[in-house]
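Values quoted throughout were computed directly from the atomic coordinates according to the rules given, and no laboratory measurement underlies them. Fair warning: this is a prediction, and the values are worked out from it, not measured in the lab. Positions of Cβ are backbone-derived with ideal geometry, glycine not excepted, and every protein chain shown enters the neighbour counts.
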Amino acid sequence: MNSIVLIFGVFLGGAILTYLAHKLSNILSSAFFVLTIFTATVLFYLKVETGDVFSFSLNGLHLEWGITSFSWIFSLIVLGLGTMAAVYSISFMKGKERLGYYYFNFILGIFSMMGILLSRDLVSFFIFWEIMTWSSYMIVVYEGRSVQKIGIKYILFSAMGAYAMLMAIVIIYSQMQSVMIEDLIYSFSSFSISYQIWLPILLLTGFGVKAAMMPLHVWAPGAYSHAPMAYTSVFSGALSKMGVYGMVLVFSTLISQLPEHTIIREVVAWLGGITAVMGTLWAITQDDAKKLLAYSSVAQLGYIITGVAIGTELAMLSAIFLSVLHALFKGTLFMVVGAIEKQTGTTNLTEVTGLIRKMPWTFIAALMSIIALAGIPPLGGFVGKWMLYESLIGSDHYILVILIFFASTAGFLYCYKFLFGFFLGQEEKEWDHVKEAPASMVVPMLILSFFSFLLGTFPGLILKPIDQGMQSLGYVPTEGHFWGMSVLFNEWGNAVVLQPILYAIMAVFLFFLVFLTLKGLKGTRYVTTKDISSSGEVPGEFENLSYKQNFFQPFLRAVEPVMKRQIDKYYTGIGNGIEAFFNYVRRVYSGNGQTYAIYVIIFLVILLLFKNNLFG
Amino acid sequence: MVGSPILFVAVPLLAAFLIPLFGFIWKELVRIVPGIVLLYLLILSVSLYIQVLQDGTIVEQIGGWAPPWGINLVFSPFTGLLTTLMLFLAFIIWLYSYRFKNVDFEPSKKYFILLLMLVTGSIGIVLTGDIFNQFVFIEIMSISGYALTAFYTGRDSAEASFKYLIMGSLSSMFLLLAIILIYSQLGTLNMADIASKAHLMKPEFRVLALVFFIVGMGIEAEIFPLNGWAPDAYSQAPGPIGAAFSGIVVKAGIYSIIRVTFTLFDVEGTMQFLVLMGMITLVVAEMAAIKQDKIKRMLAYSSIGQMGLVLVAFGIGTEEGVFAALFLMVNHALVKPLLFLSASYLVFNSTEKSIRELNGLGKYLPLTSFLFALGAIAIVGMPPLSGFWAKWSMLTAAANSNMILIIGLVLLVSVVEIVYYFRVVNRIYFFKKEEDVEPKKPTINAMVSMIVLGILIVTIGFYPDLITSYLHEASESLLDKGKYIQDVLSAGQSIIQ
């Protein structure tokens, strides 16, 4: 049996088995769940090689599954994050209802994402895309809160995106009587010019919805924050990357063939930039960690979209690199929020404080990811963002680089808010009972943050596969490697050794810190966080000195005019208007028999009057 | 020869009249006999269909009178497919309504008699090759339809039935007018004969006859301004009858309008007209559906919308278009009954049948709710269920004929469809149950019938090639007008010689 089919079989069979096992016992179901995802992962990396192809024909269409070195990179995101989130899920979901339902849709989600990556034709791509949509929808509404609003908004936007895509696929099929992606790339230049412009736009709309690009992003904050956190880490980390995956394909294979492709590129790049700025600003205003991270995801995807749209070698490299890193650190951060939610019962940043001593491991994971997210050296985010800035400046997008730079800097504010809100600040009695999350939740977080550390230190580990992947997309490396174009790496030759030097400096610094601490150990007095005095006054236990309410108020007041116009409100207005109009149309069916009879007569009269126009 | 097409009309009609007599022997026979009859006919239909695919169309002459003088029944790959589909659904509906609501002997006797008549009428419409005979079958179907709509003798059902009756009589009036026009011009009532002689008609009479046909049959096929009766009838009739309306009766209506436009008259502009009317029907119906608060009304509007889509697909006019239309019909004939059947158990004990009462039933009726959700996902055309392939073939057919605007509109309307179906599914699974609602567990036979439909939907979704070859045969058979005429008329010649 072909190994790709085998993997799909494992996923599907595992999903059904997991669901059925849930009727017997929760433990069995959880075991099946993790086993399915691990088996499929192991099988995938052992058995499937680039070039393996499984083709078959269905409903008169030639369909093909196989992996390219480009989709292989994204499979790292999906399966890497997927396995970690699966392990994390077990403890996180303990004691919740309808576990079978959750596991089933989780597996289907991973399955469909792998399906998207393995599809070499547009029809299987679309089928897997839709399976991904409804399986993720099922999990968004899993907790049953505001399903009619958040859930419907998600499915509505996804459906519009998917149908834009379907329309493009159908037109492509009618143009070349084949749905293979290869054929499309090959014969795209022979399409009429209007199709050459509209098809990429339709496809980009479809992918833009999943990648939460302005102005199609409005579903994202709600959906991200309403799904269980164990899934949201996959949702934001991997599922949204499917949109990026599609965008990369469209930009590098289709739009690059257009003679006047710069306009589309500029528009999308600007949309990405605006997404980044607005997402960041909105993230800063949030008091709920889930919402904060959700908006932050929107913002981060904005950077990635900008990079993809600019589409020079370096920009593409940085976008793909950032995709991988975003999966790592945002996946971890959502898990951190999940762990805090599990242990404290709330995710409100203004309520929970001082968890650093109670959940030290979670803190370490959060700290590493925040550093990576903010793009501070030495972690991976820095490398990615640096390359992005460089590519933007290199391609003369000076205003855009200011925009991105502003978003990135403003991003520090919410990073700080997140870290300070949960872990630092004064310890309150209310949270004295909080303990560290169970090991099966902490370990995945640590593993993921270790990887974002590793990739920051040795970016070459992932840059090499990305290099190969981009070559399979048709990019030609000018200096042997794409990263050779970046100053960051050039300074040190092709070997990527900037980070270890930084670490060496830090190690020396740390060594002296430890040395000094140990030396002065005798004189050390341990204090609690309340053991302070301000202006000679010693505050009591009950007094709250934390300044978390109305964080960053001056800043927010400054940017208020920008944030007043919420696109979400316009959408709601349009939606309500349309429904009211539909309600008005509905009255055509008056429920009165006489009216209906009159309709028949009117219809007949119209037909008779216009019979010469209608029938030749 | 396993049997002859005449049995499809004769046996159920006979059985319908004999049912009261069976009732004297043993009361349970009233329920059992229709099932046996339908099962027998289904097997017969399948075996005949296989035979037809190999040997070509069977033309049955009633009473030995050769066409164009006598009445004939035509069992071609196209009509055979529809007959088989209808009989399959009729059997499913019988299985489901066996002991639906535990009604007494007297009502159930009426119910099954009328159901058999309804099926007879619908199959007759599809099989007959004579235009007046078709009119008679339309009458049989409609009259049993009126009676079944008013089956729950209440004020609302009576009103719905009355509306249906008004519209139905308008329909038969226009049909008669059209038939008279044709007969006065050509002196024949045989469809094949009319088709071969249609060019002899004066153009203005031809168009006039076509217009009358469209209005008359449009009422049965639920084209937009003519379909006022449908939502009321669907929602007031018993649940399984709603399924029969959407799965069997409408299909017969669509068939008759297609036969007239494709075979009888070759008038320029009919295809564009079908696309236009189908599109209007689709858009208005889906707009009306989104704000409904009664579940069955919502399903009825959705059903009308789907029929609009089928007409659009037929109107594309190419082989692909017809294929897509047939695929949509098969999909709709499997999915919409499933929705009706599962929904009527979800609102079993309620008098209002409002969507609100479905809240939270997912916990109490897990399997029924699941099947409803499955149907909802299939009807909006989400992969990997059958609806996707139907929609895919429709869209590709439109794209190959360069109807880009149609594709856009159909997809936009599908978004509306997704919204209202998902709203209902959300209510079933994620809302709190209303306190006054008492869920009723489906009987085993009802469960089986729904599961069979569900399995079919999933199977076709994963493996559409299961049915596509039959659909291709059927669409070729519909489009090959010359062969139809030749088949029917040569059958007459061979007897004369």
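FRET efficiency for B:Glu28 and B:Gln486, Cβ-Cβ distance as r, R0 = 56 Å, nearest 0.05?
0.70
In nanometres, what is the gap between the two model label sites at A:Lys149 and B:Ile280, each 7 Å from Cα along Cα-to-Cβ?
4.0 nm
Dividing the convex hull volume of the Cα atoms of segment B:268-462 by its residue count, what figure in Å³ per residue is obtained?
Per residue, the Cα convex hull of segment B:268-462 comes to 105 Å³.
Cα centroids of segment B:203-255 and segment B:459-491: how far apart, whole angstrom?
23 Å
For B:Gly360, what residues show an amide H to amide H distance below 5 Å, using hydrogens built from the backbone and excluding near sequence neighbours?
HN-HN under 5 Å from B:Gly360: B:Ile428, B:Tyr429, B:Phe430, B:Phe431.
Spin-label point model (7 Å from Cα, Cβ direction): what's the A:His433 to A:Leu518 distance in nm?
The answer from the label model is 4.1 nm.
How far apart, in nanometres, would the label points at A:Ile601 and B:Lys363 be if each is projected 7 angstrom from Cα along the Cα-to-Cβ direction?
According to this spin-label approximation, the distance is 5.5 nm.
Compare the Cα positions of B:Trp392, B:Ser303, B:Phe430 along the charge dipole of segment B:268-462 (+1 at Cβ of Lys, Arg; -1 at Cβ of Asp, Glu; about the Cα centre) and return the one farthest towards the positive end.
The one lying farthest along the dipole's positive direction is B:Phe430.
If each residue's Cβ is checked for other Cβ atoms within 10 Å, how do B:Arg31, A:Arg357 rank with the fewest at the top?
A:Arg357, B:Arg31
Could you name the lysines in cross-link range of A:Lys385, using Cα to Cα under 17 Å and dropping any fewer than eight places away on the same chain?
Partners within reach: A:Lys330.
Using each residue's phi in segment B:58-66, evaluate 6.51 cos²θ - 1.76 cosθ + 1.60 at θ = phi - 60° and report the 3J(HN,Hα) Karplus result to the nearest Hz, with x for Gly and Pro.
3J(HN,Hα) across segment B:58-66, in whole Hz: 9, 10, 9, 9, 7, x, x, 7, 6.
For the charge dipole of segment B:1-120, defined by +1 on Lys and Arg C-beta atoms and -1 on Asp and Glu C-beta atoms about the Cα centroid, which residue among B:Leu13, B:Phe112, B:Leu81 has the Cα displaced farthest towards the positive pole?
Sorting the options by dipole projection puts first B:Phe112.
Treating the beta-carbon of each Lys and Arg as +1 and of each Asp and Glu as -1, no other charges, what is the dipole magnitude of the protein assembly as shown about its Cα centre, to the nearest 20 debye?
Computed about the Cα centre, the dipole is about 2240 debye.
Give the residue list of chymotrypsin sites (Phe, Trp or Tyr not before Pro) in segment A:171-263 that are DSSP loop and have at most 14 other beta-carbon atoms within 10 angstrom.
none
So who's got an amide H within less than 5 Å of the one on A:His62, skipping anything under 5 residues away but keeping other chains? H placed 1.01 Å off N, in plane.
Placed amide hydrogens put A:Val179 under 5 Å from A:His62.
Name the residue farthest towards the positive end of the dipole of segment A:261-522 from the options A:Ala407, A:Pro465, A:Leu516, assuming +1 on Cβ of Lys and Arg, -1 on Cβ of Asp and Glu, about the Cα centre.
A:Leu516
Counting Lys +1, Arg +1, Asp -1, Glu -1, what net charge surrounds B:Phe162 among other residues with beta carbon under 11 Å of its beta carbon?
-1
For segment B:297-381, which GluC sites (Glu not before Pro) pass both filters: DSSP loop (anything but H, G, I, E, B) and at most 15 other C-beta atoms within 10 Å?
Hits after loop and neighbour filter: B:Glu352.
Would you kindly state how much longer the chain becomes between B:Glu139 and B:Leu466 on full extension, computed as 0.36 nm times their sequence separation minus their alpha carbon distance, in nm to one decimal? Mind dumping the intermediate values first?
Details: separation 327, 0.36 × 327 = 117.72 nm, distance 3.50 nm.
Stretched fully, the B:Glu139-B:Leu466 segment lengthens by 114.2 nm.
Hey, what do the phi angles of segment A:451-462 turn into as Karplus ³J(HN,Hα) couplings, whole Hz, using 6.51/-1.76/1.60 and θ = phi - 60°, x for Gly and Pro?
For segment A:451-462, the Karplus curve yields 5, 5, 5, 4, 5, x, 7, 10, x, x, 3, 9 Hz.
With just the Cα atoms defining each centre, how far is segment A:295-352 from segment A:18-95? Give it in Å.
22 Å
State whether the protein assembly as shown is rounded, prolate or oblate according to the following rule on the C-alpha gyration tensor (a ≥ b ≥ c being the square roots of its eigenvalues): a/c under 1.5 gives rounded; otherwise a/b larger than b/c gives prolate, and the remaining case gives oblate.
Because a/c hits 1.5 or more and a/b exceeds b/c, the protein assembly as shown counts as prolate.
Give me, ordered by chain and number, the residues 5 or more places off B:Asp130 or on other chains with an amide H under 5 Å from its own placed amide H.
Sorted by chain and number, the residues that satisfy this are B:Asn72, B:Met191.
Using θ = phi - 60° and the Karplus relation 6.51 cos²θ - 1.76 cosθ + 1.60, list the HN-Hα couplings for segment A:100-116 in order, rounded to whole Hz, with x at every Gly or Pro.
Whole-Hz 3J(HN,Hα) from phi for segment A:100-116: x, 4, 5, 4, 4, 6, 4, 4, 4, x, 4, 4, 5, 5, 4, x, 4.
I'd like the FRET efficiency for A:Val42 and B:Asn445, computed as 1/(1 + (r/R0)^6) with the beta carbon distance as r and R0 of 30 Å, rounded to 0.05.
Values: r = 46 Å, r/R0 = 1.53.
Working from the Cβ atoms, E equals 0.05.
Would you mind working out the magnitude of the charge dipole of segment B:268-462 relative to its Cα centre, with +1 at each Lys and Arg C-beta and -1 at each Asp and Glu C-beta, to the nearest 20 Debye?
580 debye
Chymotrypsin sites (Phe, Trp or Tyr not before Pro) within segment B:279-367: which are DSSP loop residues with at most 13 other Cβ atoms inside 10 Å? Write out the running numbers ahead of the final one.
Details: sites: B:Tyr301, B:Phe314, B:Phe323, B:Phe327, B:Phe340, B:Tyr345, B:Phe348, B:Tyr364; in loops: B:Phe348, B:Tyr364.
Sparse-neighbourhood loop chymotrypsin sites (Phe, Trp or Tyr not before Pro): none present.
Based on the Cβ-Cβ distance of B:Val46 and A:Lys464, what FRET efficiency does E = 1/(1 + (r/R0)^6) give at R0 = 56 Å, to the nearest 0.05?
Approximately 0.40, to the nearest 0.05.
Evaluate the charge dipole of chain A about its Cα centre and quote only its size in Debye, nearest 20, assuming +1 on the Cβ of each Lys and Arg and -1 on the Cβ of each Asp and Glu.
Values: 35 positive and 33 negative charges, 252 e Å.
Here the size comes out at about 1200 debye.
Would you mind finding the longest exposed-site-free stretch of chain A, with exposed GluC sites (Glu not before Pro) meaning DSSP loop and at most 12 other Cβ atoms within 10 Å?
Longest run free of exposed loop sites: A:261-478.
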